[in-house]
Structures are given as C-alpha cells and as structure tokens.
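Take a look at the structure set out below.
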Amino acid sequence: MFTRKTLLILSIFIMAISVMALKSLVYPPFKHTWGITKGTEAKLDMLLGSATDFDNPQGVAVTRLLAWDDKKESKDDDELAAYGVNSGRDQIIYNTSMYSLGLYGSTGSGRDQFRRPRGISADPKGEVFVCDTGNKRVVKLFNNGKELVWADVIGDGLLEEPHDVAVTEAETLFVTDRARGTIEIFTYDGDHVGSLPGFVNPRGIAVDHPKMTKTRYGYRRIYLADADGEILRSMDYDGKIRASINLRDISSANSAVKYVALDFYNNLWATDSAVCRIHKFDKDLEYITSIGECGGKDYEFNHPVGIAIWRRFGQVVVGESDCAQYFWIGTDVKKFEAKVGSDREDNQIVKIDMFLTDGTYAQIEVLSGNEVVRQIYEQKRLRQGAVTVNWDMKDNAGKRVPPGKYTIRMVYQPTYSSYGFFDDEIKTEVEIE
C-alpha cells in the first residue's frame, strides 16, 4: 500500500534502520521507507541547508491532501501532507510536494508571522490552523497543493493563550485556551459559536469527527489534556465529562502530556514529555499500554511533544525535542496464559486469557510436542483489550485429548497498514489431568 514516496513526505521528520519486531508501534518495512524512520538535525540540513534547525518543536499534523489526489492511481492513497510547528523559529515546516520541503512564517505579529506558535491541525481540503500563542490568535492558512498561503485570523480579541486546535469534518475548530481555562469553538470562517469553561491550563485536544458517527466507530467526543497535562478527560460536545484519568495512576513520575491524537478506533494516544513515553488509552480512557523511554535508540524518545495520526491507515508521526519519528500502528500481547476451568454447563475447558493492545488477527493452535492436535482459530480477528478464548479439550477430530502437557501457540498480526508485513508468536503451556 505504501510507496517509496513516503520517505519524502515525512523527510522533514524522518536515520534509523527499520526493525521488524511486532509492538504497539512498529517501524514500517525497509522497502517502504528505505530504512529512514527518524528525522534528525542532519537530515533536516540535507534537505533545507542552513535555512532552519529544530528549535522547540511543538504540534504536528498530517492529512491526505486532496489537491495531490490522482483519481486514476490508488497507490498514492498513503501520501501525506505533514506539518510541524518549529516554535523557536516561529515557523511551520512542511512538504510542498512529494519531493520538496518548505518553510512558512517569521517572527512578528502581522501577516505571515507568528510568536511562539504551538498546536496545529489540518484537513484534506487544504485548510491549516495554527495556534499563534504569543499573538493570542489562531492563524488560518491554506495549502493550494504547492505552498502555504495566508488566509485569515480567528479568535483575535477573544483568545488569551491558545495552545492546541482540532478540526472536524463539520468545519469546526476546537481551541484550548490555557489562560482562560476553556475550549473555544469556532467555525472555519471564524465565527465564535461556543465556549466550554472549567478547565485548568488545558493543553492538547483531539475531537472525533461528526461524520464518523455514520460508521461503527463513530463516537462524538472531545479528548483533552487538562491540568497542565496531568489529567486526561473525555467529554461530550456540550462539555459533560464522561471519563477522566490522572497520569500519576499509570506513572510514578510527574507526567506532562502536551498533545494527543485519535486513531481510527478512537483510541487516544498521548505524548508524555516528562517520562519520554507514548501512552495509549481506549475510547473510554481505560489504560492500554505505554511505549518508549528516554533515549535515541529504536522505540525510545527524546521528550516527545506533538503527535499526529492519519486515522485511515494508522500512520503515526511523533515530534520530539530534536527530531521526530514515523511509525505504523501495530499490536502487542501483554498477557498470555492458559489454565483449566469450566464453562457455564460445568464442562471442563481450557481458558486462554490474553491482553491485546490493539485489534489483532490471530491463529491459535494446540500442540502436543511438535504435533498440532487442535486448530482453534485459523485466522480470527480479536478485539483490543482483555480476551478469553476457550478450548473444549478436544482434538481436530472431536475426540477428547488424553491427559498430558499441551502447548498453546498464537501467531498474531496487526491490522491497519502493518497487516501482512509483521507477525509474531507467543506460547504458553497447560497441564490436563
């Protein structure tokens, strides 16, 4: 599905060699990125020379730009427009085509200028919105397929400290204002249509798209990093809180989430800059897993800040303090156990318990020595989270197996675009008397 052009799409962010380990986030295969999944200062200098350096990177955004769409060519569906806020230089770094990069902005308070910009969001039509924090406004830009151009200013005179912005398919903006403790809602044309108060120094925001309610995964919710990134909240569009989680409940250190993003299934991904990790939660903010630690090796992060996900294919860009990395969403097995139990009719069975960090394709079989005695699943899609699979202790012919020790083996694969490129296996044993 992905082409070598992906390298150039994300070359601003993306010199690490891909590895094929199956985790909750995976580096794309070599043939799709030429082994380049991390963008460093050296890589940036190769593309833009001395024009800029990474200087306090903040929000990132990715989208499938309609202006680049070739309706006769389906192989370009993965080609993304990527935008990164380089706050210390008061500029946006973005790809002007599949083969080149561009810079937009300078320091100031006028047209084409920013002061300490933070969050950014974009849609496929080319609309781009930047929280121009120091100038107390949101700047609206337009990508015509070749370059970013100035369009308008939103919230001037109302906003005090805009931090992050999320767009919806209904052409609505949700903007966090740290100083006012609010979420401000605007139309694309700049009309102020509402305010959700009562927050404390809100940071990152992600909003499910209203049109997504036409699918099984639609879930009209706002997700917010509140209390200076210590608390994550899920709420309705009217501000009614549905779920909250304190990051200290999952991390012993002082957590500090700056930005958040939603995947296709409305799982929430949050960059925890303080502990150099990416946390993943389900749509109800139930904790799923955390990825990474501080460092510069594979699956390590240098104080991550921005995160953006192209929801359709599970493409993920994570911005860090001096670089950024490119991933696909994968899957991992956090628990895999088998024990003898009973079903509702009090028949003896083997219960196979597991915890999956994402939806997973699984092949599950029972072995006696090296012989497969029972194929439980040949290719079954299992849901994310805690899953139990029952084995009735019968072989493939329907006969009860004799007493002894058996091995349960699961070969598993992720969904999204990583399906077909990665697989792994896990085993456990059970004794039947």
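FYI, it's all coordinate maths here, none of it is from the lab. In this text the structure is predicted, and so the values were computed from the model without any measurement. No Cβ is skipped: glycine too gets one built from the backbone with ideal geometry, and neighbour counts run over all protein chains shown.
Taking other C-beta atoms within 10 angstrom as a stand-in for reagent exposure, Asp353, Asp263 fall in the order Asp353, Asp263, fewest first. The phi torsions of the range 274-284, fed into the Karplus equation with coefficients 6.51, -1.76 and 1.60 and a -60° offset, translate into couplings of 5, 10, 6, 10, 10, 9, 10, 10, 7, 5, 9 Hz, rounded to whole numbers, with Gly and Pro shown as x. Note on Asn254 and Tyr377: the extension gain reaches 40.0 nm, defined as 0.36 nm multiplied by sequence separation minus the Cα-Cα distance. Loop-located GluC sites (Glu not before Pro) in the range 142-192 (DSSP state other than H, G, I, E, B) with a sparse environment of at most 16 neighbouring Cβ atoms within 10 Å: Glu147, Glu160, Glu169, Glu171. Please say if the range 333-432 is rounded, prolate or oblate, where rounded means a/c under 1.5 for a ≥ b ≥ c the square roots of the C-alpha gyration tensor eigenvalues, and otherwise the choice is prolate for a/b larger than b/c and oblate otherwise? It comes out prolate by the Cα gyration axes. In order along the range 132-137, the Karplus-derived 3J(HN,Hα) couplings, from 6.51 cos²θ - 1.76 cosθ + 1.60 at θ = phi - 60°, round to 8, 4, x, 9, 6, 7 Hz, and Gly and Pro are given as x. Fewest-first ordering of Ser417, Ser321, Ser106 by other beta carbons within 10 Å of each residue's beta carbon gives Ser106, Ser321, Ser417. Taken about its Cα centre, the range 263-373 carries a charge dipole of roughly 220 debye when the Cβ of each Lys and Arg holds +1 and the Cβ of each Asp and Glu holds -1. Full extension of the segment from Trp150 to Asp284, taken as 0.36 nm per residue of separation minus the current Cα-Cα distance, would add 44.5 nm. Listed from fewest to most Cβ neighbours within 10 Å, the set Arg203, Arg400 follows the order Arg400, Arg203.
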